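The values are calculated or read from the model by the stated rules, or taken from the named source; none is laboratory data. All values reported here derive from a predicted model rather than from experimental measurement. Positions of Cβ are backbone-derived with ideal geometry, glycine not excepted, and every protein chain shown enters the neighbour counts.
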Amino acid sequence: MATTRTEPQTAPPAPARQAPERTWLWVTLMLAAVALFARFGHPMQIAWLRNLLIVFGSLLIEAMPFVALGAMVSATIEVFVPTSSFARMAALPRAVQIPAAALAGIAFPVCECGSVPVGRRLARKGLSPAAAVTFMLAAPIVNPVVIASTFVAYRGRDSQWLMVGGRFVLGMIVAMCVGWVIGARAPGALLRGATVTDEPDDHDEPRGRRFITHLSGDLVFMARFLIVGGLVAATIQTFVPASLANRLAALPVLSILAMMALAFFLSLCSESDAFVAASFTAFGPSAQLAFLVFGPMMDLKLGALYVGTFSKGFFRTVLIVVAAVTLVACLWAQVIWG
């Protein structure tokens with residue numbers, strides 16, 4: 001009687017070491033080195049390092065509460081607000097959808113990274129792509145958390161209300177201009193093929209656990225950009241000569257373009273970028289306003305999200321329109337308010 005031979009079962013191969021693990025290993029080693037240096041190296045006796053740590057620490061202390069509040073609001077919307085509520089705007093005439101979508105950011109405060117999947121989902125639910133893009137760009141600027149953080153960052157200054165009101169109004173205008181340029185495209189012409197299908201709205205996981213998961217994920221995601229941005233801002237203020245910054249800040253067009261470029265590369269979260277912008281005191285209110293409007297609509301991390309989410313040419317269109325409208329509006333603000 002023949003016996004069947006069973007093949008010995010081999011253990012599955014061990015997963016390859018992932019890049020994120022190596023990244024966290026290097027981060028841990030760097031933090032350990034910094035801790036050892038702080039313990040034995042007396043960093044506060046070094047003038048430049050003392051100045052860098054003071055500026056960096058003050059930025060974190062002021063901005064972190066707003067980052068935490070923004071993460072809490074974002075997690076609340078993700079877990080407790082049904083996606084179908086956004087689709088009610090689809091019943092409005094298209095001429096009304098664009099300003100209504102811009103104003104909807106007041107009721108649905110999300111950061112710029114969270115607004116991209118929301119904008120994609122709005123287009124999938126039947127809202128015109130122009131209105132979906134308008135909401136995506138306006139929400140990170142006009143939401144109450146960002147307004148409050150801008151108010152606190154500029155408290156006590158003569159330009160406080162100019163920065164708060166100007167950021168709100170200019171953010172609305174730029175977002176609606178981009179929505180108008182995008183036009184009444186079909187969702188298939190706006191979204192990439194890989195993002196056509198949405199995940200189902202029902203989840204088996206308890207809401208409380210989902211809330212904690214989204215809250216921790218959003219907080220870590222936004223806080224790391226704040227830390228990097230605050231460190232870069234502190235480094236610039238420590239090592240860039242004040243005379244160079246003053247000469248650049250005195251040039252009407254170049255000062256605005258420089259702050260827009262800085263906002264692009266810093267890639268800050270909109271809940272905390274006002275504290276970084278307010279720290280560049282050599283630049284006037286119009287240049288700082290350009291920083292506050294351009295950054296939440298176009299930066300490095302958003303560029304990657306735009307390219308992966310929307311069709312070819314979307315990133316270029318948004319970049320040109322946002323940069324042009326922001327530059328012209330801030331030049332007028334410079335002429336009117338100085």
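Test residue 116 against the criterion of being in a helix (DSSP H, G or I) and farther than 29 Å from residue 334 by Cα, and give yes or no.
The answer is yes for residue 116.
Taking the conditions exactly as written (charged (D, E, K, R), modelled with pLDDT under 70 and either farther than 23 Å from residue 175 by Cβ or buried (at least 16 other Cβ atoms within 10 Å of the Cβ) (or both)), does residue 50 satisfy them or not?
no
Select the helices (runs of 4 or more DSSP H) contained entirely in the range 223-338, then report the ones holding at least 1 residues which are modelled with pLDDT under 90 and under 20 Å from the mean Cα position of the chain (by Cα).
Correct list: 252-266, 273-279, 300-309, 314-337.
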